[in-house]
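Just below is one structure, and these are the notes that go with it.
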Amino acid sequence: MAEMIITNAKVLTMDEGAPRAEAVAVAGGKILAVGSADDVGRLTGAGTQVIDAGGRTLLPGFVESHLHLVLGGNELTQLQLGGVLGFEALSAAFLGYAAANPDKPLLMAQGAAYEILGDAAVTRQDLDRIIADRPIAMTSPDHHTVWANTAALQAAGLLHGATMPHGHEVVMAADGMAAGELREFEAFSPILALSGELHLQLGIATGGEPEPWPDAAQRAIDKDKVAAGLAHCARHGITSMVNMDGNLYTLRLLQEMEAEGRLTARVKVPFHMKPHMGLEELERATAMTEAATGDWVFAGFVKMFQDGVVDSRTAYMLHDYPGTNARSEPLFDPERFKDICAEADRRGLQIAVHAIGDGAVQVTIDGYEAAQVRNGKRDSRHRIEHIELIDRADVPRLGALGITASVQPPHPPGVMDFPLSTMDHVFHRHRWVDAYLWKTLADHGAPLAFASDWPVTDVSVMRGIQAALTRVPFEGCQDERVTLDAVLRAYTAGGAWAAHMEGVTGRLIPGLAADLVLIDGDIESIPATGIGATGIALTVAGGQITHQGTGFA
């Protein structure tokens, strides 16, 4: 008998053999049956929880293919500056947050737009005018730039500059002092350390582990932050995620939460390979893979950064940025990158590389191609994260090499929360036709996996779906929208496949995990412009309800 039945639903199974149904039965954390309301209803027993969906759409639980769970959970209590523009608004936000948090060693804000003070670059003096006697700092939406006041720079030992690894920079002013802008993780890690929370970001920042290992009391605090992030994701129908920050410590935290019954989504955790590391460090990735073999916590992949972001001009381009003679550089030497890819691939590890500029994308494709030449073709499913600009000659190479395009519908300027003005600043107008190519990549055979990159953008999958369906082509450019079915697949079965999780989740078929999301409406009838405002009525992960919308019983 079933433990739970969701019936009277418009079920979109993502199973090509039986794409539609009316009801789903669940037992033992797995899908027991999918079919008509009458057939599934025969599995009702005395203890079965029967949920009438009222004609709502039922889908496999959303797979968030690229987010930062620990960072996002940690940031939920920090100052949020999304939509804040101008000095007066910024000052009021910081002063209010400071008054409410008199004991915080660092007043940290998130989501500060690069243009928050107009065209002028933010300086430490600007932030000193707001608060001078306490360390304050703010992070850009892309999390690749931090601006800090003098007190924070002084406390972090950065006021007079610091030697940084290639690609990371403490920006200096004409007076020989730090200007206040810190680019990339190594540069602003000393600022984050002032909060006492840097150990949560060591994976993405340095690839290292906490030393000493946090004790039980600290781990309890950290797990509460993760739990807050998981609850936030559950409210948006997310039941599986590829976590793009993390290390062995993250893996252990999640395993402890699973043992405690607190893990409400399946999480894949990376090993971060950094440019300074030798090939032998990949043994740590193998060890993480062997340490997580269940259905809830996974490892098995290596994350790398090939470049930065366009707003700070740290994304590596094949041609100079508009109005400059700069194009940045790849973070990994291209020949050494090929060796790393080949060794990771030889070990059976999946590779995911952040590559935004067309130069970084090309170097990444070259690395994956080298791995395939050296090791032979296998079911690698290597991925490129973001692909904001790509050389036309490289477009067909993704499909030919089996590379997944892991892209984010909320990211193109003008689509959701990022201003269209960014396009003029960072892309030559004649290259707009090569920017954010989702449909073009898919048409050339590249599998798609969709995500938000939370907390870079809103984690709402429904807003992401709307962004994907309503994106207006850039002036003079082709339409890069894909169909509703393709969008939903990229957030479900496609994301699961891209993460090597298709044997666990991503489709509604008997035997797979009972991971489901019930949309508060019929998604095929809702106008595309209204999908983002549509709520999540129910989220179920492993047969357990992790979120229930207000008013839905």
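Among the numbered criteria (1) closer than 30 Å to ASP128 by Cβ; (2) not in a loop (DSSP other than H, G, I, E, B), which one does ASP38 miss? Checking ASP38 against (1) closer than 30 Å to ASP128 by Cβ; (2) not in a loop (DSSP other than H, G, I, E, B), the one that fails is (1).
Conditions tested, residue by residue: (1) touching a helix residue (DSSP H, G or I) at 6+ places or on another chain (Cβ under 9 Å); (2) outside the structural domain of GLY357 (by TED's automatic domain parsing); (3) under 27 Å from SER140 (Cα atoms); (4) not polar (S, T, N, Q).
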position	(1), (2), (3), (4)
GLY414	yes, no, yes, yes
LEU420	no, no, yes, yes
TRP438	yes, no, yes, yes
PRO447	yes, no, no, yes
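Would you check if there is a residue in the stretch 355-363 being at pLDDT 95 or above, assigned to a helix (DSSP H, G or I), surrounded by fewer than 19 Cβ atoms within 10 Å (Cβ to Cβ) and assigned by TED's automatic domain parsing to the domain that holds ALA400? No: zero hits.
For the stretch 65-76, give me each residue that is outside any strand (DSSP E or B) and touching a helix residue (DSSP H, G or I) at 6+ places or on another chain (Cβ under 8 Å). Scanning the stretch 65-76 gives HIS68, LEU69, VAL70, LEU71, GLY72, GLY73, ASN74, LEU76.
Residue-by-condition table, conditions (1) surrounded by fewer than 24 Cβ atoms within 10 Å (Cβ to Cβ); (2) within 29 Å of ALA446 (Cβ to Cβ); (3) not assigned by TED's automatic domain parsing to the domain that holds ASP52:
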{"position": "THR492", "(1), (2), (3)": "no, yes, yes"}
{"position": "VAL504", "(1), (2), (3)": "yes, yes, yes"}
{"position": "ASP515", "(1), (2), (3)": "no, yes, no"}
{"position": "GLY521", "(1), (2), (3)": "yes, no, no"}
{"position": "ILE526", "(1), (2), (3)": "yes, yes, no"}
{"position": "THR529", "(1), (2), (3)": "yes, yes, no"}
{"position": "THR534", "(1), (2), (3)": "yes, yes, no"}
{"position": "VAL540", "(1), (2), (3)": "no, no, no"}
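One residue is enough: does the stretch 317-340 have a residue meeting the conditions in a helix (DSSP H, G or I), aromatic (Phe, Trp, Tyr) and out of contact with any strand residue (DSSP E or B) (no Cβ under 6 Å at 6 or more places or on another chain)? Scanning the stretch 317-340 turns up at least one residue that is in a helix (DSSP H, G or I), aromatic (Phe, Trp, Tyr) and out of contact with any strand residue (DSSP E or B) (no Cβ under 6 Å at 6 or more places or on another chain). In the set ASP320, ASP245, only one residue is closer than 30 Å to THR422 by Cα and out of contact with any Lys or Arg (no Cβ under 6 Å at 6 or more places or on another chain); that residue is ASP245. Looking only at residues in the stretch 289-316 that are part of a loop (DSSP other than H, G, I, E, B) and touching a Lys or Arg at 6+ places or on another chain (Cβ under 8 Å), the one that is surrounded by the fewest Cβ atoms within 10 Å (Cβ to Cβ) is ASP295. When the stretch 239-275 is limited to residues that are β-branched (Val, Ile, Thr) and within 12 Å of ILE204 (Cβ to Cβ), the one that is surrounded by the fewest Cβ atoms within 10 Å (Cβ to Cβ) turns out to be THR250. Residues in the stretch 227-255 that are of a type in the set (Gly, Ala, Ser), at pLDDT 95 or above and assigned to a loop (DSSP other than H, G, I, E, B): 1 in all. Number of residues in the stretch 499-522 that are touching a helix residue (DSSP H, G or I) at 6+ places or on another chain (Cβ under 7 Å) and closer than 22 Å to MET416 by Cβ equals 0. Annotation: GLY196 fulfils all but one of (1) over 26 Å from the mean Cα position of the chain (by Cα); (2) surrounded by fewer than 15 Cβ atoms within 10 Å (Cβ to Cβ); the unmet one is (1). Pairs linking a residue in the stretch 470-488 that is over 16 Å from ALA528 (Cα atoms) to a residue that is crowded, with 16+ Cβ neighbours inside 10 Å and aromatic (Phe, Trp, Tyr), with Cβ atoms under 6 Å and 6 or more positions apart or on different chains, are PHE474/TRP432; CYS477/TRP432.
The one condition from (1) of a type in the set (D, E, K, R); (2) crowded, with 22+ Cβ neighbours inside 10 Å; (3) out of contact with any Gly (no Cβ under 9 Å at 6 or more places or on another chain); (4) modelled with pLDDT under 95 that GLU115 does not meet is (2). Please pick out the residue among ALA156, ALA220 that is over 27 Å from ASP458 (Cβ atoms), in the same structural domain as LEU279 (by TED's automatic domain parsing) and over 21 Å from the mean Cα position of the chain (by Cα). The conditions single out ALA220.
The values are calculated or read from the model by the stated rules, or taken from the named source; none is laboratory data. Keep in mind that this is a model prediction, so the values were computed, not measured. Here Cβ is always computed from backbone atoms with ideal geometry, including for glycine, and neighbour counts include all displayed protein chains.
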